[in-house]
Amino acid sequence: MPHRKRPVALAAATLLTLGALAVVPSIAAAAPDPGGPVKVNQVGYVPGTPKQATVVSTSTSPLAWTLRNAAGTTVASGQTTVRGTDALSGDSVHVADFSAYDTLGSGYVLSVGGNSSHPFDISADAVRKLRTDALAFFYHQRSGTPIESRYVGTRYSRPAGHVNVAPNQGDNAVPCRTSCGYTLDVRGGWYDAGDHGKYVVNGGLATWQLQNIHERALHVAGADRAGLADGTLAIPEQANRVPDVLDEARWELEFMLRMQVPDGRTNAGMVHHKIHDQNWTALPTRPELDNQPRLLAPVSTAATLNLAATAAQASRLWKSYDATFAARALAAAEKAYAAAKANPNRLAPASDNTGGGAYEDNNVGDEFYWAAAELYATTGAAGYRADVTGSSYYKGASFTTHGYDWNWTGGLGDTTLALVPTGLPAADVTATRAAIAAFADRLLTQTARQGYPAPGSGDGTYYWGSNGTVANNGNVLALAFDFTGQQKYRSGAYAAYDYLFGRNPLNQSYVAGYGEKPVRNVHHRFWANQADSALPTAPPGSLAGGPNSQLQDPVAVAQLAGCKPQKCFVDDIGAYSVNEVAINWNSALAWLANWAAERAGTGGTPPDPTPSPTVSPSPTTPPTTTPPPSGGCAVTYTSYNWSNGFSGNLTVTNSSAAAWPSWTLTFRFTAGQQISQGWSGKFSQSGTEVTVTNESWNGAVAPGGSVSLGFNASYTGTNPAPVGFAVNGTACTLR
Ligand code: 9MR
């Protein structure tokens, strides 16, 4: 059985060497403010998903709750369910369930006993925006290139970092820490986090997740490929006819390829574990002002297998866009895999944490499996197949302990083998998907017991980067929904959002720029506004590492002693063990955001109708909902396809109690369809979004009345029905 790996506690020496704390505003030893007692997703509940809030109260009997809209009108009310003491927060909690209320809007407030929540939306708009923002994080983190204001605005623009312009001392010709007889040009890539280190193992996971966002859309029926097309991100490659998420991932992969030891040198084909500063730099330090020498750490088996896996994955994805790059990536991947097999025990030590993180890993069996899976999916070669099927990780075994992270990568190989058609027996693919679903069931069992549901480590400890764990486990729930179509998994994935967006004991949105109480003082050497007001705060869509019950930095030690796991967090720049950002956490968030944006669907369907048998549904009193405001509508859609064109026919019914004097219908295509002509309405299309306004003769629609309209359009590949139908801004039911 594969053995479980956990990040180990940071050595005391690192607590001291991360340094620069002297320049950080001094810290009073006060516990963070948990905010009001009514804790909600302060950004937005996605329509058609369960909507719950956690209420802190020692009352042993249910409390009345009311939901008011932005105008202050009560739209729903009900009673809480008493849940008692919650282990992860120490709070006595109730749950208010207002799932039955599903009308799109903003500015809703939930009140219990005179206490009101932060305002929130019922809308999928925020998760749609987050898809872009969470991916933009990677452009911000690029090394070796100027970050241009036309993509990020002036506040976040900066000169290229680490291109050997003084005072920088790298990264064009970086020597090995222990002499190796060569230097490497390792420009580019992404800075890992708040530091300026570049670490192949963490880069590997983040690159894989971005590439998997693209690859999933190739294989999951009805996936939103248009939302990932070229031109969807503000990056320099936005008009090169390649999906932007692949371009962004390539920025890191090109760096990882540069970390491979050249032919003719000792350890040729192996990959250096990392490159970073000789000593930790102060906070703040702009990338272009870092004056530390840069050094290559020794090669490691884990880094070598990370390159093998991600370059093999890239090779199959780039084949139709850039065959030369695809061939180069595959050659490097095969060379790396062979080198790792010849050197299976080059293990990165935990002690190597001066000037950069250690990213230690003493078990690389999972990395071997992952790399073999990617190479097999790309080449179909018998040798890789034998390594996959002969591995103790085969068929989802690593999910029997926990999900995945930078040091536990078997699940990445499983995900590829569960998504990408290969020559493996169908029964084995089924078993792999079942292992993923079984882990998702365990996550649902875990969260059903929690006052603030968060699919976490499951062992009662919150580790460094716990928000990354929540997001990654959200990805597993999302995949389980992709594979099975079972609503319980969809609901579970959206619930992970609720936690990250503020339904947690600290009322904290862990995503910068989202919600009333977002993180802003993340541990970052450029987004260091708390230390220097001339510098920016974290850009929207950056995910903080999150609660860490192991208290591994001086600020956390000073402020959070005795904290319950979900409360071990403070939004302070010095608290690097809870409030750093990192590429592997944002890649997990971006993956989940992409899925959530896509799966938000029409945005107005009834809530999850099928509670899971494995989750004990909380015995809530059904809420008493007042009738929704007038404006309901229903749409039927049919299409007639020919080779690359089709006609779409729509009937739109006014199912509200009030007449429409005029109407504007909006919907969205998900597969690049383009309308050429429409009738019985004025059609316009901008990207994927279609807007239709009434003609002069069919604007007025009485309650119960309908209008019929249609269009001709082109498509390539598949032609899924449009989504997100709404009339006059109110979501429609699709019949
Ligand atoms: O995410 C890493 C976490 O799992 C480890 O426990 C921790 C201590 O080794 O390091 C984290 O990674 C940091 C890295 O070492 C240096 N760059 C910042 C990373 C995020 O905090």
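The values are calculated or read from the model by the stated rules, or taken from the named source; none is laboratory data. Small disclaimer: the values here were computed from a predicted structure and weren't measured. In this analysis, Cβ positions are derived from the backbone assuming ideal geometry, glycine residues included, and neighbour counts consider all displayed protein chains.
Of note:
- Meets criteria (touching an Asp or Glu at 6+ places or on another chain (Cβ under 9 Å) and either surrounded by fewer than 19 Cβ atoms within 10 Å (Cβ to Cβ) or among the small types (Gly, Ala, Ser) (or both)) for Gly114: no
- Test for Asp414: is it free of Cβ contacts under 8 Å to residues at least 40 places away in the same chain, more than 16 Å from the ligand (Cβ to nearest atom) and in a helix (DSSP H, G or I): no
- Top-ranked residue in the stretch 182-199 [being surrounded by fewer than 24 Cβ atoms within 10 Å (Cβ to Cβ) and out of contact with any Ser or Thr (no Cβ under 8 Å at 6 or more places or on another chain); ranked as nearest to Ala538 (Cα to Cα)]: Gly197
- The stretch 464-507 - residue that is within 21 Å of Ile583 (Cα to Cα) and in a loop (DSSP other than H, G, I, E, B) and, of those, farthest from the ligand (Cβ to nearest atom): Phe501
- Test: residue in the stretch 514-528 that is part of a loop (DSSP other than H, G, I, E, B), of a type in the set (S, T, N, Q) and farther than 30 Å from Gly413 by Cβ: yes
- Some residue of the stretch 401-419 being over 22 Å from the mean Cα position of the chain (by Cα) and surrounded by fewer than 21 Cβ atoms within 10 Å (Cβ to Cβ): no
- Qualifying residue in the stretch 536-554 (condition: acidic (Asp, Glu), within 14 Å of the ligand (Cβ to nearest atom) and either crowded, with 24+ Cβ neighbours inside 10 Å or at pLDDT below 95 (or both)): yes
- Test: residue in the stretch 343-353 that is under 19 Å from Tyr384 (Cβ atoms) and in contact with a helix residue (DSSP H, G or I) (Cβ under 7 Å, 6 or more places away or on another chain): yes
- Filtered residue count, the stretch 325-357, keeping only those that are without any contact (Cβ under 8 Å) to a residue 12 or more places away in the chain and either within 16 Å of the ligand (Cβ to nearest atom) or within 20 Å of Ile275 (Cα to Cα) (or both): 1
- Looking across the stretch 52-81, the residues that are outside any loop (DSSP other than H, G, I, E, B) and within 26 Å of Cys568 (Cβ to Cβ) come down to Gln52, Ala53, Thr54, Val55, Val56.
- Residue tally, condition buried (at least 21 other Cβ atoms within 10 Å of the Cβ) and over 21 Å from Arg503 (Cα atoms), over the stretch 555-567: 3
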